Amino acid sequence: MNGHGVWSIYRFEMARTFRTLLQSIIAPVISTSLYFVVFGSAMGGVMKTIHGVPYGAFIVPGLIMLAILTESLSNASFGIYMPKWSGTIYELLSAPVSWIEALVAYVGAAASKSIMLGLIILVTARLFVPFQIAHPFVMVLFLLLTSVTFSLFGFIIGVWADGFEKLQIVPSLIITPLTFLGGSFYPLSVLPPFWQTVTLFNPVVYLISGFRWAFYGVADVSVGISLAAISGFMLACLVIIRWIFATGWRLKA
């Protein structure tokens, strides 16, 4: 393992985050705080409790997951796209750094940013609503798995994109709608039976459900199935990335 090479890339990516704190950290925290104010206050007046959990506290896991998914994709895709755009990707490919070492550095940095953001939002949420974490180790596990997996997915998007506008297509048109339709603000039990079945094909449902179980012990889907779903998606992303480096697809063009 080329530890010096991995650390250099990781440190460079993390330094970019601290140079753009307003965009990377402060803006997502403010946006999520507005969700707490608007949905927690407005909807909380109508929906008092869900499965015995106050509505304001019920949406905390969903909002944290929304921020993590979005930021993981954005950070990882931008991190690998910039070397492609500037032409420095060839220096990376010719350096004594293996594909797994480059992946660890880029994905590790993107996941670190997302985990940091998720923890900040978790602390910020306490200013608006009281909540509890029934299973803290499971909560940390889902936080890590989700950040890493969607950073891997974001890495794939960054390699695939051939323009800045494409970096926003998947997060804006696919991930964000899937998150809103994945039970962030409501339990699946409030949907008609047909739409409950359709919603089970939404992969984000399993992430939010498992993450919420870690907080309150209530879930729309078994926590075991949720862990299996995120693990399977992670494995699929790793296989695709291994193929990308093996063939040079969109890297050497």
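Laboratory data are not the source of any read-out in this text; all were calculated from the coordinates shown. Everything numeric here is computed off the predicted structure, so don't read it as measured data. When we count neighbours, we look across all protein chains shown, and the Cβ atoms used for this are built from the backbone with ideal geometry, even at glycine.
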(request) Give the order of SER114, SER24 when sorted by the count of other beta carbons within 10 angstrom, beginning with the fewest. (result) SER24, SER114
(request) Taking the Cβ of each residue in THR32, THR176 as the centre, tally the other Cβ atoms inside 10 Å and list the residues starting with the fewest. (result) THR176, THR32
(request) Please list, or write none, the lysines whose alpha carbon is within less than 29 Å of the alpha carbon of LYS166, excluding same-chain residues fewer than 8 places away. (result) LYS84, LYS113, LYS252
(request) Among the chymotrypsin sites (Phe, Trp or Tyr not before Pro) in segment 217-253, which ones are in a DSSP loop with at most 15 other Cβ atoms within 10 Å of the Cβ? Mind listing them? (result) TRP249
(message) Ignoring everything except DSSP H segments at least 4 long, calculate the 222 nm mean residue ellipticity for the chain; use -39,500 (n - 2.57) per segment, divide by total residues, nearest 500.
(response) -23500 deg cm²/dmol
(request) Please give the peptides 73-82, 210-219 ranked by average Cβ packing (other Cβ atoms within 10 Å per residue), highest first, as a rough proxy for protection. (result) 73-82, 210-219
(request) Percent of Cα-Cα pairs per 10 Å bin, from 0 to the last occupied bin, for segment 213-252, please list those. (result) 26, 30, 21, 16, 6
(request) Give me Rg over Rh for segment 55-166, both radii from the alpha carbons and Rh done the Kirkwood way, two decimal places. (result) 1.08
(message) Can you give me the angle between helix 3-19 and the longest principal axis of the chain, using Cα atoms only, in degrees from 0 to 90, rounded to the nearest 10?
(response) 60 degrees
(message) Give me the percent relative contact order of the chain, please, defined on Cα pairs under 8 angstrom at least 6 residues apart.
(response) 26 percent
(request) Could you calculate the FRET efficiency of PHE194 with LEU22 from 1/(1 + (r/R0)^6), where r is the beta carbon distance between them and R0 is 51 Å, rounded to 0.05? (result) 0.70
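Can you check how the C-alpha radius of gyration of segment 3-247 compares to 2.2 N^0.38 Å, as a plain ratio?
Compared with the compact-globule rule of thumb, segment 3-247 sits at 1.03.
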(message) Based only on other Cβ atoms within 10 Å, what is the fewest-to-most ordering of ILE174, ILE208?
(response) ILE174, ILE208
(request) Compute the long axis of helix 99-125 from its Cα atoms, compare it with the longest principal axis of the Cα atoms of the chain, and write down the angle in degrees, 0 to 90, nearest 10. (result) 30 degrees
(message) Principal axis extents for segment 150-253, Cα atoms only, whole Å, descending order, please.
(response) 49, 27, 25
